[in-house]
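Enquirer: My questions all concern the structure below.
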């Protein structure tokens, strides 16, 4: 059964900003969202997904990468909550 994808307003702003600055990035983001719908814990081992150390629920405990783009998210029961989508160079700045 697929997970339900929920996005925060912060994710939505990041997505729109990324679409304006780098239209080619949207295909990466959409592909990552589809992966998260089916395998947010990377149990298949086929995706570049990691649990981030030192992060609490609500801060984006997980990260998926595709090319130079990163999505931070949490898994809450059968929901995947998306917090941010940024280029790699911006993804981990405080």
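Derivation of every value follows stated rules applied to the coordinates shown; laboratory data play no part. As the structure is a computational prediction, the values presented were derived from the model and not from experiment. Don't worry about glycine lacking a Cβ; one is built from the backbone with ideal geometry, like all the others, and counts go over all protein chains shown.
Enquirer: So, by mean Cβ neighbours within 10 angstrom, what's the order for 58-66, 39-47, 7-15 with the highest one leading? Before the final figure, lay out the partial values.
Expert: Numbers: 58-66: 17.9, 39-47: 13.4, 7-15: 16.1.
In descending order of packing, they fall as 58-66, 7-15, 39-47.
Enquirer: Mind jotting down the distance between the C-alpha centroids of the range 70-93 and the range 19-54, whole Å?
Expert: Using only Cα atoms, the two centres lie 8 Å from each other.
Enquirer: Taking only Cα atoms, what is the 0 to 90° angle, nearest 10, from helix 25-38's long axis to the longest principal axis of the chain?
Expert: 10 degrees
Enquirer: Two decimals is fine: what's Rg over Rh for the chain, C-alpha atoms, Kirkwood radius as Rh?
Expert: Values: Rg = 12.2 Å, Rh = 13.2 Å.
Here Rg/Rh amounts to 0.93.
Enquirer: Ignoring everything except DSSP H segments at least 4 long, calculate the 222 nm mean residue ellipticity for the chain; use -39,500 (n - 2.57) per segment, divide by total residues, nearest 500. Working shown, then result.
Expert: On the way: 3 runs with 31 residues, N = 94.
Theoretical 222 nm ellipticity from helices: -10000 deg cm²/dmol.
Enquirer: Between 20, 72, 37, find the one with the highest GNM mean-square fluctuation for the chain; connect C-alpha pairs within less than 10 Å.
Expert: Looking only at 20, 72, 37, the biggest GNM fluctuation is shown by 20.
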